[in-house]
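K.L.:
I'd like to ask you about the structure that follows.
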Amino acid sequence: MVFIVESKPFDITSIILILLNSLVLASYNYEDRKNETPYNKNLHTVNMVFSWFFIVECIFKIIAYGFVSHYNSYLRDKWNWLDFLVVLVSIVEMVGTSYIQLKPLRTLRVLRPLRSIKALPGMRHLILSLIKSLPSLS
């Protein structure tokens, strides 16, 4: 399983799906808050497909690396915390929409594009330097 998770095609597929998911999120019509138009219904279905991919990706990585206790486990890497949060929000949204409305959780889907930071080292350095500069801005 480690071979699959650390392979170049797996990483490239993940980045492509993150970028495609970003396009879907950007093209969503936020004026239709109840998803009544066919356009938003289709985008919601596509978003669920992306959610399932990210869930499977997370499960593969947890199986490959372990969850917490191993030295190189999934949650020992702080960049995976964001991945895990996005996956948890997706699961809660998919389960919760049947019983109660969890519309505020949809805003957390915007965090999905940030998952690409881990795969792009140059972007990681830019984000880290931005975060380090925030205290001096205040």
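K.L.:
For the stretch 113-138: of the residues being surrounded by 10 or more Cβ atoms within 10 Å (Cβ to Cβ) and of a type in the set (Lys, Arg), which is modelled with the highest pLDDT?
P.N.:
124
K.L.:
Still on this model: Which is in a helix (DSSP H, G or I) and not hydroxyl-bearing (Ser, Thr, Tyr), of 72, 47, 29?
P.N.:
Exactly one of 72, 47, 29 is in a helix (DSSP H, G or I) and not hydroxyl-bearing (Ser, Thr, Tyr), namely 47.
K.L.:
Out of all the residues in the stretch 30-76, which are among the charged types (D, E, K, R) and more than 21 Å from residue 91 (Cα to Cα)?
P.N.:
Selection gives 31, 32, 36, 76.
K.L.:
From the residues in the stretch 58-71 that are in contact with a Phe, Trp or Tyr (Cβ under 6 Å, 6 or more places away or on another chain) and not hydrophobic (A, V, I, L, M, F, W, C), which one is surrounded by the most Cβ atoms within 10 Å (Cβ to Cβ)?
P.N.:
That would be 61.
K.L.:
Does any residue in the stretch 57-68 that is farther than 21 Å from residue 18 by Cα come within less than 9 Å, Cβ to Cβ, of a residue that is basic (Lys, Arg) and at pLDDT below 90 six or more places away or on a different chain, and which pairs are these?
P.N.:
If the second residue must be basic (Lys, Arg) and at pLDDT below 90, the pairs left are 65/76; 66/76; 68/76.
K.L.:
Evaluate the following for residue 6: is it of a type outside the set (A, V, I, L, M) and under 19 Å from residue 58 (Cβ atoms)?
P.N.:
Spelling it out, residue 6 is indeed of a type outside the set (A, V, I, L, M) and under 19 Å from residue 58 (Cβ atoms).
The values are calculated or read from the model by the stated rules, or taken from the named source; none is laboratory data. Only a predicted model underlies this, so the values are computations on that prediction, with no experimental measurement involved. Glycine also receives a Cβ, built like all others from the backbone with ideal geometry; neighbour counts cover every protein chain displayed.
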